[in-house]
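Take a look at the structure set out below.
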Amino acid sequence: MQALSASDVLEVVEWGTSHSLTSTALYLLDRAGTGLDSETLAALPLGTRDRLLLRLYGECFAGPIRAREACPECGAELEVELRPADLALDAIAASGPTCLQHDGVTLRFRPTASHDLLAIEGASDEADAARALALRCIETAQRGDTELAPEEIGDETIARLGEAMALADPQADLTLDLACADCGHRFGRSFDIARVLVDELVNVSRRIFCDVHALARGYGFSEAQILGMSAWRRQAYLEMLAP
Ligand SMILES: [Zn+2]
């Protein structure tokens, strides 16, 4: 896996303007050269995908991840610095239960993957979408020795399954434990590396567009020529344009 080129950054950000975050994260990993084909990437458990995204963040950006959160108690703004490596849980922690027993029903399930999230996109009802997602991840459902059809699994069992799925793949459901320096209040905030990485690439794309604009106007270079330059070379030309 390698840092994205300027051209890749623009491709990813442009893709994100008309596709969901799940789709954009997959497109991003596809461009980053993970060595996995797009079908395999889409079938990775979300926690595994997120570990790849954390690694990619480290490849693309030298510094820590910076996040701002408002304290829900006093409103003070907290600035949080996170190292991508500290957010990557080890693989042992990710191998949680894959079996749930509830109300006499035994469910065997697999972790949620990107293709599951893509399949429920567009569902208008949140509860229906959550149920559809859970059902996709059930491999077997039995009451005693009798196999159950999806519609025979009760809502309560599906709700428990949602909790069990989150426990089984903790990397996919990260919560930051934050403490306010002003009032001491402690609170949790969910952390989504896909959102963070895509947002950061949007920031990078704005700087690239500025470079393209200035260099095209100043020298008549084409967009393709400018995007093909290293950041160092772009900077060298920009400095000569400066008054
Ligand atoms: Zn506070």
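Each value in this text was obtained by applying a stated rule to the coordinates, not by laboratory testing. Every value quoted in this text rests on a predicted model; they were computed, and no experiment measured them. Because the Cβ atoms are built from the backbone with ideal geometry, glycine has one as well, and the counts that use them run over all protein chains shown.
Of all the Cα-Cα pairs you can form in region 1-52, what percent are over 17 Å apart?
Tail fraction, whole percent: 31.
Among the cysteines of the chain, those with no neighbouring cysteine Cβ under 4.7 Å are Cys60, Cys99, Cys137, Cys210.
If R₀ is 25 angstrom, what is the calculated FRET efficiency for the pair Asp90 and Arg66, using the beta carbon separation as r and rounding to 0.05? The partial results should precede the final answer.
Working: r = 24 Å, r/R0 = 0.97.
It comes to 0.55.
Considering every alpha-carbon pair of the chain, the percent of pairs per 5 Å bin, from zero through the bin containing the longest distance, is 1, 6, 11, 13, 14, 14, 13, 10, 7, 5, 3, 2, 1, 1, 0, 0, 0. For a paramagnetic label modelled at 7 Å from the Cα of Met1 toward its Cβ, which residues of region 59-90 fall within the zone defined by backbone nitrogen distances under 16 Å? Label zone hits: 59-65, 83-90.
Beyond 15 Å, how much of the Cα-Cα pair distribution for region 97-168 remains, as a whole percent? It would help to have the intermediate numbers written out before the result.
On the way: 1261 of 2556 pairs.
For region 97-168, the fraction of Cα-Cα distances above 15 Å is 49 percent.
Amide H contacts of Leu78: Glu69, Ala70, Cys71, each under 5 Å away and 5 or more positions distant or on a separate chain (H built 1.01 Å from N in the peptide plane; Pro and chain starts excluded).
Given the DSSP H assignment, sum -39500 (n - 2.57) over each helix run of at least 4 residues in the chain and divide by its residue total; what's the result at 222 nm in deg cm²/dmol, nearest 500? Can you show the working numbers first?
Values: 12 runs with 126 residues, N = 243.
Rounded to the nearest 500, the figure is -15500 deg cm²/dmol.
Under 5 Å from the amide H of Thr112 lie the amide H atoms of Leu46, each residue being 5 or more positions distant or on a separate chain, with H modelled from the backbone and absent for Pro and chain starts. In the chain, Cα pairs under 8 Å separated by at least six residues give a relative contact order of 22 percent.
For the chain, complete DSSP H runs whose alpha carbons reach 20 Å or more along their own long axis and whose mean Kyte-Doolittle score is 0.0 or higher are 193-219.
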